[in-house]
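Colleague: Supplied in structure tokens, the structure appears directly below.
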Amino acid sequence: VQGKDIYLTIDSNIQFFVEQALNNSDKDFDWDWFHITILDAKSGAVLGTATSPSFDPNKRNMKSYLDPNISVAFEPGSTMKTFTYMAAMENGVYNGSETYKSGVYVTSDGTEIGDWNRGGWGVISYDKGYAMSSNVGVINIINKHMSSVMLRQYFKKLGFGKKTGIELPNESRGNLEFKYETEIYNAGFGQGITTTPIQNVKAMTPLTNDGMLLEPYIISKIVNSDTGEVDLENKREEIERVASTSTVSKMIQLMDDCVNGIGNTGSGYRIPGGELVGKTGTAQI
């Protein structure tokens with residue numbers, strides 16, 4: 001039976017560069033799996049996506065059909081700090097100039113949770129804590145100003161803990177289970193919980209759409225090859241407004257400083273003559 005024609009949102013030029021970047025990474029890094037996805041920041045359309053290890057569909061040697069972009073849930077690490085900071089802002093409890101002592105935090109049961117630089121940077125502001133990817137900064141924000149309910153509700157609002165519904169099989173939900181003090185703090189900086197790459201990219205869309213969360217999609221349209229009739233056509237789909245204009249502006253400012261500030265954790269990604277904002281993230285093995 002003649003099937004229907006499926007048109008993807010993939011841009012062949014962007015896809016080429018994505019796969020080229022992924023292949024080049026093999027020369028410089030030792031990884032178990034590597035994934036890149038690029039979304040149209042204003043529509044949610046997937047413009048390029050690639051994973052390694054992968055398979056050649058022309059060869060019958062496939063060991064796994066799973067795409068880590070949607071099927072593999074992992075600890076996102078410090079990229080999650082972006083969403084914790086947004087949660088604090090949206091709950092009206094964030095003061096970026098408020099200070100705390102960085103380095104190591106001791107919980108009520110005596111557990112020590114440290115920054116990646118356990119010596120810390122002395123007494124710094126929460127704004128600076130974001131740029132330096134300070135775990136202790138996140139802990140202090142949660143401990144002094146938030147609750148596990150605030151954190152979980154906002155994470156869920158961004159789409160974590162449930163499938164995005166993108167038109168690909170075997171999508172994972174990830175896991176947002178955290179209850180006890182240490183678990184709550186760990187969740188705030190992306191440990192002890194799991195997310196998928198597509199969930200993380202989706203959660204970033206409010207920062208390019210004045211607070212509006214968008215639905216990601218990879219199918220542009222499906223056309224009946226016999227009649228030419230369009231059976232399905234996807235376009236920008238707004239879910240809900242999850243952040244105010246002030247939250248978006250402040251978050252972009254913090255992400256800009258993370259990459260373009262001298263000596264900050266993202267400074268290695270600075271592009272001369274280009275504009276880039278972002279957040280580093282390293283999950284603990």
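Colleague: Within the range 104-120, track down each residue that is surrounded by fewer than 17 Cβ atoms within 10 Å (Cβ to Cβ) and in a loop (DSSP other than H, G, I, E, B).
Modeller: THR107, SER108, ASP109, GLY110, THR111, TRP116, ASN117, ARG118, GLY119
Colleague: Working only within the range 162-174, note down all residues that are open to solvent by less than 30 Å² (accessible area, probe 1.4 Å) and either without any contact (Cβ under 8 Å) to a residue 60 or more places away in the chain or farther than 24 Å from ASN234 by Cα (or both).
Modeller: Passing the criteria: only GLY174.
Colleague: Please go through the range 34-53 and pick out each residue that is touching a helix residue (DSSP H, G or I) at 6+ places or on another chain (Cβ under 9 Å), open to solvent by less than 90 Å² (accessible area, probe 1.4 Å) and either assigned to a loop (DSSP other than H, G, I, E, B) or not hydrophobic (A, V, I, L, M, F, W, C) (or both).
Modeller: Taking the range 34-53 and keeping what is touching a helix residue (DSSP H, G or I) at 6+ places or on another chain (Cβ under 9 Å), we get 34-39, 41-42, 44, 46-52.
Filter once more, keeping what is open to solvent by less than 90 Å² (accessible area, probe 1.4 Å): 34-39, 41, 44, 46-52.
Matches in the range 34-53: HIS35, THR37, ALA41, GLY44, GLY48, THR49, THR51, SER52.
Colleague: Another question, if that's okay. Determine, yes or no, whether GLY211 is out of contact with any strand residue (DSSP E or B) (no Cβ under 9 Å at 6 or more places or on another chain), at pLDDT 95 or above, open to solvent by less than 20 Å² (accessible area, probe 1.4 Å) and on the phi > 0 side of the Ramachandran plot. It would help to see each step written out before you state the result.
Modeller: Working: out of contact with any strand residue (DSSP E or B) (no Cβ under 9 Å at 6 or more places or on another chain): no; at pLDDT 95 or above: yes; open to solvent by less than 20 Å² (accessible area, probe 1.4 Å): yes; on the phi > 0 side of the Ramachandran plot: yes.
The answer is no for GLY211.
Colleague: Given (1) assigned to a helix (DSSP H, G or I); (2) in contact (Cβ under 8 Å) with a residue 60 or more places away in the chain, where does ASP256 come up short, assuming only one miss?
Modeller: (2)
Colleague: Against the condition over 22 Å from the mean Cα position of the chain (by Cα) and open to solvent by less than 60 Å² (accessible area, probe 1.4 Å), how does GLY3 come out, does it pass?
Modeller: For GLY3, the condition - over 22 Å from the mean Cα position of the chain (by Cα) and open to solvent by less than 60 Å² (accessible area, probe 1.4 Å) - is met.
Colleague: Could I ask something else about it? Considering only residues of the range 129-151 that are open to solvent by 20 Å² or more (accessible area, probe 1.4 Å), polar (S, T, N, Q) and free of Cβ contacts under 8 Å to residues at least 40 places away in the same chain, which is nearest to MET89 (Cα to Cα)?
Modeller: Looking at the filtered set, the residue picked out is SER147.
The values are calculated or read from the model by the stated rules, or taken from the named source; none is laboratory data. Here the structure is a predicted model, which is why all the values come from computation and not from measurement. For neighbour counting, all protein chains shown are included, and Cβ atoms are generated from backbone atoms with ideal geometry for every residue, glycine included. For accessibility, only protein heavy atoms count, side chains too; no ligands or nucleic acids. Shrake-Rupley method; radii C 1.70, N 1.55, O 1.52, S 1.80 Å.
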